[in-house]
Amino acid sequence: MSQVDRHLSGQASLATGAAPPARLGGAPSAGATIEFVGVAKRFWKGDTPVDAIGHVELVVRPGEFLGIVGPSGCGKSTLLNLAAGLMLPTAGEVRYQGHLVRDVNTRVGYMTQKDSLVPWRTVESNIALPLEIRGLRGRRKRELVAHYVELVGLKGFERHFPSELSGGMRKRVGLARTLVNDPETLLMDEPFGALDAQLRLLMHEETLRIWEHSRKTIIFVTHDLAEAVLLADRVVVISARPGRVKLIKDIDLPRPRDVARVRFDPRFGRLFEELWAALGEDVRRGDENR
Amino acid sequence: MSRALEVELPVERPGPAAPSLAERPSKGRRGLVLLLTRVVLVGAILVVWQYAAERLIDPFWISSPAEVWARLRKLAVVGDSPWEALVNFPSTDLVFHLRYTFQEMILGLVYGTLAGTVVGFVLGRARFLGDLINPLIIAIYSLPKLALAPLFILWFGIGIESKIVFSATIVFFLVFYNTFIGAREVDQDLVDVVRIFGANRFQVLSAIVVPSALTWVFAGVRLAVPYSLVGAVVAEMMASNRGLGFLISSAANQFDTGGVFAALVVLMIVSVSINGLVGRGESVLLRWKVVSR
Ligand SMILES: Nc1ncnc2c1ncn2[C@@H]1O[C@H](COP(=O)(O)OP(=O)(O)OP(=O)(O)O)[C@@H](O)[C@H]1O
Ligand SMILES: [Mg+2]
């Protein structure tokens, strides 16, 4: 067993190809991975307050795949920033596995909306960054990096700098950099927005495979409602700014899901329509607020 | 943009490096035409100059290409026959002066860069301290550095020390200011990224803050290299008995226009070569900035 495999035990590997054990729907609800308790967040733009989040109550269950959708500017990224401990709420509290988040939360892996790659590091050296911070070096580091470069389909681009890559490629480097660290919780902010349809499908499959093999909790923010329904156990609809939880919908589509076919399931259509209606009201209202 | 920039300072923002030759679409023909036109143009200027010196203007003022060539030859080689000239190039005399100027320039560059990087980084990271003394820095920065040369000669004598200090001072301010801004303008998103990966303070510095400031340091050094030569030469012109600056000023003092031009030609060759080298180094070090369009 190679060192890569050992590192990946519990995680998916493209190479093994073994069928993932089916994991059906909801996760065990013992405790919570992340809790937003009466969370509000206000920014100041000069002297005018901007209420990004009005009042959010939300429990993210251990091991679940949670999709978050909502109109632009409703505070989705802000929610993830709060969970990652990059900012503190104006009111209420954010808890991670029961502990109050007051500083940077190093237990999560955060794929931010902006790709935030280190511009002077090559693709492989960007992916190696979390490993270097953990003090990992030598062959083991190289093997892990090579594995994840391949996983996100960037073989041959290892020595390229971010400025030499397309937007979608940069996103994939960001994904690899997040995954290589094997975090127990993944925060993903529109990770696949810049990808073409085929690549997106592949990435969906890969994300689900990784999630099904590991016990990771994933919070997945997206503009694309279909993507959220496709992947998630539950989808949260956030209202227009100031953001509130408008609807939480259990996605009772069977697992493992075939991402290419699940769209044609009649249940998918019903779920989509119900969520779309909830989202639609707010998208219109969000526009009026501008 | 930071408020520190309200006063116009020659901060070289780290811009995209020149695209590498390999990427540039081939333009061999156009390049050749350009080259030929340039050669013809330079030739024409020399001919007009020579003609003017013989017929129109007293060579006392403008010398002449022939005379400058003769002076250059006398400066650079020993002996009369072409063979002797070739064997004796460059003359020990020229090497002596060049070495002196180079030494001042390199040491000025090294000391100025070291001091500028360290002080710029510290003040850039220590916000309060930086804000506190920012006006003082801008005041000193706005002072024409040339005005400091006599003071340095007074303090450090007419030997090599005063020239090194002068050159280093000029370099210091250029590098310092770039580093100062670079250390302040670190991308917070990148810092957040590594902090989530569990980086401690030292790792945040070494993985993000220092490399990001270093790109600004490079930009400052890039700007400072030609100025370090200026510093050395100007200080030599004020008080010295050796170096390129001395060659220029001593020829001028003897009303030897041809000698002045000859020394200027040497200075030009030196500075063009140095800038070429710096450009090379920059495109290697800042390869990641290459933006393909
Ligand atoms: N650091 C900040 N400083 C000031 N205002 C901010 C900051 N971050 C977010 N905001 C404001 O908070 C609101 C919510 O922003 P956020 O980025 O969370 O929205 P979003 O739901 O992620 O939008 P999108 O879908 O377009 O990414 C916006 O009005 C934004 O301008
Ligand atoms: Mg966002």
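The values are calculated or read from the model by the stated rules, or taken from the named source; none is laboratory data. Remember, predicted model here, so these are calculated numbers, not experimental data. A quick note on method: Cβ atoms are made from the backbone with ideal geometry, for glycine too, and the neighbour counts reach across all protein chains shown. Each accessible area value is taken on the protein alone, full model and side chains, heavy atoms only, with ligands, DNA and RNA left out. Shrake-Rupley method; radii C 1.70, N 1.55, O 1.52, S 1.80 Å.
Return the residues of the range A:194-221 that are part of a loop (DSSP other than H, G, I, E, B) and within 23 Å of A:ILE248 (Cβ to Cβ); say none if nothing qualifies. Passing the criteria: A:ARG215, A:LYS216. Every test in (1) under 20 Å from the mean Cα position of the chain (by Cα); (2) more than 9 Å from ligand 1 (Cβ to nearest atom) is passed by A:GLY75 save one, and that test is (2).
Note on the range B:159-188: residues that are surrounded by 15 or more Cβ atoms within 10 Å (Cβ to Cβ) and farther than 30 Å from A:THR112 by Cα total 18. Cβ-Cβ distances below 7 Å connect the following pairs, each with a first residue in the range A:54-79 that is within 14 Å of another protein chain (Cβ to nearest Cβ) and outside any strand (DSSP E or B), a second residue that is within 16 Å of ligand 2 (Cβ to nearest atom) and open to solvent by 20 Å² or more (accessible area, probe 1.4 Å), and a separation of six or more residues or different chains: A:SER77/A:GLN113; A:THR78/A:LYS41. Residues that are within 12 Å of chain B (Cβ to nearest Cβ) and touching a residue at least 24 places away in the same chain (Cβ under 8 Å) were ranked within the range A:87-109; the one that is farthest from ligand 2 (Cβ to nearest atom) is A:ARG107. Taken over the range A:236-250, the criterion of being in contact (Cβ under 8 Å) with a residue 40 or more places away in the chain and open to solvent by less than 50 Å² (accessible area, probe 1.4 Å) is satisfied by A:VAL236, A:VAL237, A:ILE238, A:SER239, A:ALA240, A:GLY243, A:VAL245.
Name every residue in the range A:80-109 that is within 13 Å of ligand 1 (Cβ to nearest atom), touching a strand residue (DSSP E or B) at 6+ places or on another chain (Cβ under 6 Å) and not in a loop (DSSP other than H, G, I, E, B), in order of residue number. Those that are within 13 Å of ligand 1 (Cβ to nearest atom), touching a strand residue (DSSP E or B) at 6+ places or on another chain (Cβ under 6 Å) and not in a loop (DSSP other than H, G, I, E, B): A:LEU80, A:LEU82, A:ALA83. Please verify whether the range A:59-81 includes one or more residues that are open to solvent by 60 Å² or more (accessible area, probe 1.4 Å), on the phi < 0 side of the Ramachandran plot and more than 12 Å from ligand 2 (Cβ to nearest atom). Taking every residue of the range A:59-81 in turn, at least one turns out to be open to solvent by 60 Å² or more (accessible area, probe 1.4 Å), on the phi < 0 side of the Ramachandran plot and more than 12 Å from ligand 2 (Cβ to nearest atom). The residues listed here are B:SER283, B:SER271; of these, the one that is within 14 Å of another protein chain (Cβ to nearest Cβ) and polar (S, T, N, Q) is B:SER283. Among residues of the range A:160-174 that are within 14 Å of chain B (Cβ to nearest Cβ), those with a Cβ under 9 angstrom from a residue that is in a helix (DSSP H, G or I) and surrounded by fewer than 17 Cβ atoms within 10 Å (Cβ to Cβ), sequence gap 6+ or separate chain, pair up as A:PHE161/B:ARG287. Among the residues that make up the range A:182-195, is at least one of them free of Cβ contacts under 8 Å to residues at least 60 places away in the same chain, more than 13 Å from every other protein chain (Cβ to nearest Cβ), crowded, with 21+ Cβ neighbours inside 10 Å and within 16 Å of ligand 2 (Cβ to nearest atom)? Looking through the range A:182-195, at least one residue is free of Cβ contacts under 8 Å to residues at least 60 places away in the same chain, more than 13 Å from every other protein chain (Cβ to nearest Cβ), crowded, with 21+ Cβ neighbours inside 10 Å and within 16 Å of ligand 2 (Cβ to nearest atom).
For the range B:66-78, the condition of being assigned to a loop (DSSP other than H, G, I, E, B) and either at pLDDT below 90 or not hydrophobic (A, V, I, L, M, F, W, C) (or both) holds for at least one residue.
Listed conditions (1) touching a residue at least 60 places away in the same chain (Cβ under 8 Å); (2) open to solvent by 20 Å² or more (accessible area, probe 1.4 Å) are all met by A:VAL229, apart from (2).
For B:SER271, the stated conditions hold: it is surrounded by fewer than 20 Cβ atoms within 10 Å (Cβ to Cβ), within 14 Å of the chain's Cα centre (by Cα) and of a type in the set (S, T, N, Q). Looking only at residues of the range A:111-159 that are on the phi > 0 side of the Ramachandran plot and surrounded by 15 or more Cβ atoms within 10 Å (Cβ to Cβ), we find that the one that is nearest to ligand 2 (Cβ to nearest atom) is A:SER116. Among the residues of the range B:190-211, those that are over 19 Å from B:GLY281 (Cβ atoms), within 9 Å of chain A (Cβ to nearest Cβ) and either assigned to a helix (DSSP H, G or I) or open to solvent by 60 Å² or more (accessible area, probe 1.4 Å) (or both) comprise B:LEU190, B:ASP192, B:VAL193, B:VAL194, B:ARG195, B:ILE196, B:ASN200, B:GLN203, B:ALA207, B:ILE208. Taking the range A:253-269 only, how many residues are open to solvent by 70 Å² or more (accessible area, probe 1.4 Å) and of a type in the set (Lys, Arg)? Going through the range A:253-269 one residue at a time, the tally reaches 3.
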